[in-house]
Amino acid sequence: MKILYLVPFVPWEIRVRSFNLIPRLARRHEIYLVCVSGAEPTTEQREWLNRYCRRTMYVRHPHWRGLAQALCALPTKTPLRMAYAHSKAAQTVVQNLYEEVRPDVVYLERWRALEFLPRKLSAPIVCDPTDSMMLYNRRLMERGAWWEKVVGWEEYTKFRREEGELAGRADAVVFCSRVDLDCVRRQAPGVRYTIVPNGVDCDRYWFKSPRDENPAQIVFTGSLKYRPNRHAVEFFLRGIFPEVRKSVPDATFLVVGNGAPKALTRFRDMPGVHVLDFVPDLRPYLAQATVAVAPLTIGAGVSNKLGEGFAVGTPVVATPLACGDLPVQSGDQLLIAENPEQFTAHVVTLLKDPDQRRQIAARARRFVQHYDWGVIAARMEDLLRDIAGLPADPSKDPLVPAEMVLPNSDCFAS
């Protein structure tokens, strides 16, 4: 199968979905990638992309141009994210590559990648926005800083009118969670929707030994350039971590993520807090921690932090929002906290109770194997084949081990 794959960034480790799907889909299919970004791929990124993609096309989209387009869109009905991404240069590249390759299916990650797509293409289109922008911005309006509330209101109002129309431009639309899917389906009920959740590489994030742990260490992992992650860390540092240290004075909090030192300068002198920028391998930092936290208060979808903590064997404390509609239960695969007081109590409990940590970690590891990226890629492959009108692949070299199946495998919702 020939897949024309469009993304509004350079695929790399912090872009978890494309970074894990591309290598697995490339095992049996030809990937023709067009990435549109203000930052050119590094040499390492180019080598990685060339290893898996039959052809890689990079289109530069300067930040200043995107901002100018977004400003011009303020008095219009166009969401600012969509206006920012609009690129005639990308449309030309996509059109030329399409005519040369004649792909079986076109796959786009994020709504804004639709701005790279010429209107008249005969190949079927799968759009993977991952999350609902209407839902994301509604939550931003509720909990963001004052300027985020303003931007959130602007985008929520526009996506409320436009997200259904965007869905109608694709032959199938993919979301990570049913909450996001249902939010958009109410606007465009006639579109074909599918749930393909994010996953975790269970081989890369292997289960740790208790000897790996540093006593009383709490960890948060994720890009601090992503606003929900920044809000989550600030929420934890302001209202939870000081209370944790009253019960566990030697507790430390490690934040590991792209842009973390710059984003958290105001907290750098806070006792017990340590910050690291982007690292190529998160596993050692997760393995060293006694507890992993996902205190998200805004955002959409399901947090990748849960799967990584589950796989490594570091018990997780999370907010309900971080869990999305993942079929987990508090006290089983993790502990879920409804408010700062409960979050504090859960973290303290796990720091003090190694038996409970081990029991939760073991159950979480068994659970997360159903969400290995091999499983997820197989699901995405099935969808792409179906939309392209191609039969199932009878290959004896499956993307997913036979013993791994996703719960509720009937993922299609019409």
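Tabulated results
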item: CD proxy at 222 nm, helix term only [per DSSP H run n ≥ 4: -39500 (n - 2.57); per residue of the chain; nearest 500]; result: -13000 deg cm²/dmol
item: Cα→Cβ-extended label distance, 7 Å offset, between W206 and A39, nm; result: 3.1 nm
item: Net charge contributed by nearby residues that have their C-beta within less than 9 Å of K2 (K/R +1, D/E -1); result: 0
item: Separation between Cα centres of segment 166-228 and segment 316-355, rounded to whole Å; result: 18 Å
item: The chain: relative contact order as a whole-number percent, Cα under 8 Å and 6+ apart; result: 14 percent
item: Lysines with Cα under 21 Å of K120, excluding same-chain neighbours fewer than 8 positions away; result: K2, K88
item: Debye log10 I(q)/I(0) for segment 1-147, one point scatterer per Cα, at q = 0.09, 0.14, 0.19, 0.21 Å⁻¹; result: -0.29, -0.70, -1.21, -1.40
item: Sites R54 and R160, calculated FRET efficiency, Cβ-Cβ separation with R0 30 Å, nearest 0.05; result: 0.15
item: Full-stretch length increase - D250, L121 - with 0.36 nm per residue and alpha-carbon distance subtracted; result: 40.4 nm
item: Amide H partners (placed H, <5 Å) of D372, local residues excluded; result: V200
item: Whether segment 210-370 is rounded, prolate or oblate, judged on the alpha carbon gyration tensor where a/c under 1.5 counts as rounded; result: rounded
item: Dipole magnitude of segment 210-370, debye to nearest 20 (Cβ charges: Lys/Arg +1, Asp/Glu -1, about Cα centre); result: 260 debye
item: Loop GluC sites (Glu not before Pro), segment 294-372 (other Cβ atoms within 10 Å of the site Cβ: 13 or fewer; DSSP); result: E338
item: Inter-centroid distance (Cα atoms) of segment 83-124 relative to segment 361-379, Å; result: 32 Å
item: Cut-off 12 Å between beta-carbons: net charge of the residues surrounding F19, Lys and Arg +1, Asp and Glu -1; result: +1
item: 15 Å Cα-Cα reach of K225 towards aspartates and glutamates, excluding residues that sit fewer than 8 places from it in its own chain; result: E13, E148, E234, D277
item: Dipole of the chain, positive direction: furthest Cα of Q369, Q187, F159, with charges on the beta-carbon; result: F159
item: For the chain, with +1 on Lys and Arg beta carbons and -1 on Asp and Glu, the positive-most of L276, L67, G307 along the dipole; result: L67
item: Simple label model, 7 Å out from Cα along Cβ direction - W64 to D393, nm; result: 4.4 nm
item: Length added when fully stretched, D269-D353, from 0.36 nm per residue minus Cα-Cα; result: 27.3 nm
item: Radius 15 Å from Cβ of F310, net charge of other residues (Lys, Arg +1; Asp, Glu -1); result: +4
item: Contact order normalised by residue count of segment 1-91, Cα under 8 Å, 6+ apart, percent; result: 25 percent
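Computed from the coordinates by the stated procedures, all read-outs in this text should not be read as laboratory data. Remember, it's a predicted structure, so these values are computed and weren't measured experimentally. Heads up, the Cβs are rebuilt from the backbone with ideal geometry, glycines too, and the neighbour counts pull from every protein chain shown.
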